[in-house]
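Here is the structure we will look at, set down as structure tokens.
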Amino acid sequence: MNHPIQSPVPSEAIATAVDHALGLGLLMTRPDGRLTHAPFTLRPTPFPRDAFREAQRLARDFNTLMARVAADNGFLDAIGTLVARHDPFTAELFRIHRTVRAEGPRQTAALGLFRSDYLIHHPAGATRPALRQVEINAIASSFGALGSRVSALHRFLLADRGLSPSDLPPNPALDRLAAGLAAAARYYGRPGSVVCFLIQPGERNRFDQRLLEYRLGRDHGIRTVRLGLRDIAAGASLKGPRRRLVLDADQREIGLVYFRAGYTPDDYPGPDEWEGRLRIERSAAIKCPDIATHLSGMKKVQQTLAMPATAPDSESTLARFLPDAFQRRRVAACFADFHSLDDPGIANRVRAAPDEFVLKPQREGGGNNLYDQEMMHTLAQLTSDQRNAWVLMQRIHPPRARNVLIRDGVAKDEAETIAELGIFSVHFRDADRTLIDESAGHLLRTKPAGHAEGGVAAGFSVLDSPILVMNREPGGD
Ligand code: ADP
Ligand code: MG
């Protein structure tokens, strides 16, 4: 795409934007502990309207898919067997899953706050830009609250441009995610019970969580506590045959545990943290997510669902969960290609075009994927057994835009950028009953073109919002 290079942005415009971001509570902690605004783009980034609407439509399809995967122990166990052999972290998560099942769960309700991430795929010659799913986040899906704030910031900065909501789509992520948490907390139904935000020690993105807490208090009259896995192990007990999760200090009961931690090996430096996780999973508290839903978000699950079926479509793995052919086709249309690492020709294909592949381990949280030289090096070293713990995915090369990235009060010169869309969704179920199933706002994360990885917290991306545009022809960039 051709965008005119704009003259440097006046410093007054930057100061106005930064002040407004701070005023909205668009806050983050710097590595040195001081507060600053979360990094953001000066302007919303153009995003194809049809693809945006399609991503919103897919939210409920993925809710359904994730819920059905989470309920299928046989399917998850088969994946666990593949991955866990060479991955002690994932093995331990599966062990907890089995322990809870063997003992009999004390809670059948589960809340999912998902974020499905997409890049635009628009190869030269294609008539329309298409969505490709990068991954779906089933645990600690972040930036819903701050994403809503960036939408508000951009709306403020463009207030005199006469844009309509169909250009700058409303972003109800903060409201809808808080409403989902509130509904689960109320469903638990015990007066005086609290919601536990399960957090990482030294969390730098705490305002994305705090804004949800404030909403729960203000709009729903719900109390929250912030605890780490270690705090649970040291200061919360299971009470009675129902195994109610109760804080030792003041006997308050935890009705809902909202995980914003627990998805990376770093969150489990020792046995206390694992004990904390196990205690939560065994308890009567509703979890967001429960261990089965957490496991359903594994990249290996994504690969397994997306791998081309050797059998007819109706007998594919995806068909096991989405028997409706119409729905199944809609979902499969956004899947990127995945490649079997057991294919003897794959190493040569990767070597011939490394730019077309990304190699991912079974990890969350950014900064773990391998590209180019590193990918080829690792591929060459993996034993056939170890390969099961990795997925090899088509690398998507989205069209480039231009924007000004602002970090810690400083605007970089306008740069070529790549945007990744996240669509939030809420799914609340009790056994087979669906209680909430909705699309729940969005997030755009923008990074300088040329950076392979994303991630705002990891320091690669900045927060952005979409301005919806008609589809454009590819090429030109
Ligand atoms: P994580 O669980 O660490 O967030 P992701 O699969 O989301 O893992 O990958 C991290 C980032 O790497 C993404 O946000 C995206 O920017 C980039 N990325 C991941 N997969 C692809 C892909 N197939 N093509 C292009 N970029 C990708
Ligand atoms: Mg990701």
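Read-outs: derived from the displayed coordinates by stated rules, not from any lab. Keep in mind it's a predicted model, so treat the numbers as computed, not measured. Note that each Cβ is placed from the backbone with ideal geometry, even for glycine, and that neighbours are counted across all protein chains shown.
Over the chain, what is the percentage of antiparallel beta bridges among all DSSP beta bridges, to the nearest 5? Please report the intermediate quantities before stating the final value.
Working: 56 of 74 bridges.
Roughly 75 percent of the DSSP beta bridges within the chain come out antiparallel.
Can you classify the stretch 291-385 as rounded, prolate or oblate using the Cα gyration tensor, where a ≥ b ≥ c are the square roots of its eigenvalues, rounded means a/c under 1.5, and otherwise it's prolate if a/b beats b/c and oblate if not? Could you put the intermediate results ahead of the total?
Details: a/c = 2.19, a/b = 1.57, b/c = 1.39.
Since a/c reaches 1.5 and a/b is larger than b/c, the shape of the stretch 291-385 is classed as prolate.
Using a ≥ b ≥ c from the Cα gyration tensor of the chain (square roots of the eigenvalues), is it rounded, prolate or oblate, where a/c under 1.5 gives rounded and otherwise the larger of a/b and b/c decides, a/b for prolate? Intermediate values should be presented prior to the final figure.
Details: a/c = 1.62, a/b = 1.14, b/c = 1.42.
Verdict is oblate for the chain.
By average Cβ neighbour count within 10 Å, what is the ranking of 297-303, 384-390 from highest down? Don't skip to the end; give the middle numbers.
Working: 297-303: 22.6, 384-390: 16.3.
Highest-to-lowest ranking by the protection proxy: 297-303, 384-390.
Fewest first, what order do His86, His294 take by the number of other Cβ atoms within 10 Å?
Numbers: His86 18, His294 25.
Ascending number of Cβ neighbours within 10 Å: His86, His294.
Determine the calculated [θ] at 222 nm for the chain from helices alone, applying -39500 (n - 2.57) to every DSSP H run no shorter than 4 residues and normalising by the residue count; nearest 500 deg cm²/dmol.
Values: 15 runs with 171 residues, N = 477.
Helix-only estimate at 222 nm: -11000 deg cm²/dmol.
With only alpha-carbon atoms counted, please give the Rg and Dmax of the stretch 339-405, in Å.
Here Rg and the maximum Cα pair distance are 13.5, 45 Å.
Within the P(r) computed for the stretch 370-477, what percentage of the Cα pairs occupies the region above 22 Å? Intermediate values should be presented prior to the final figure.
Numbers: 3166 of 5778 pairs.
Counting pairs separated by more than 22 Å, the tail of P(r) holds 55 percent.
So for each of 333-341, 125-133, 160-168 I average, over its residues, the number of other beta carbons within 10 Å; can you give me the resulting order with the highest mean first? Intermediate results must be reported in sequence, preceding the final value.
Working: 333-341: 17.7, 125-133: 16.1, 160-168: 11.1.
Top to bottom by mean Cβ count within 10 Å: 333-341, 125-133, 160-168.
R0 = 30 Å: FRET efficiency of Thr16 with Thr127, Cβ-based, nearest 0.05? Mind showing how you got there, number by number?
Working: r = 40 Å, r/R0 = 1.34.
Working from the Cβ atoms, E equals 0.15.
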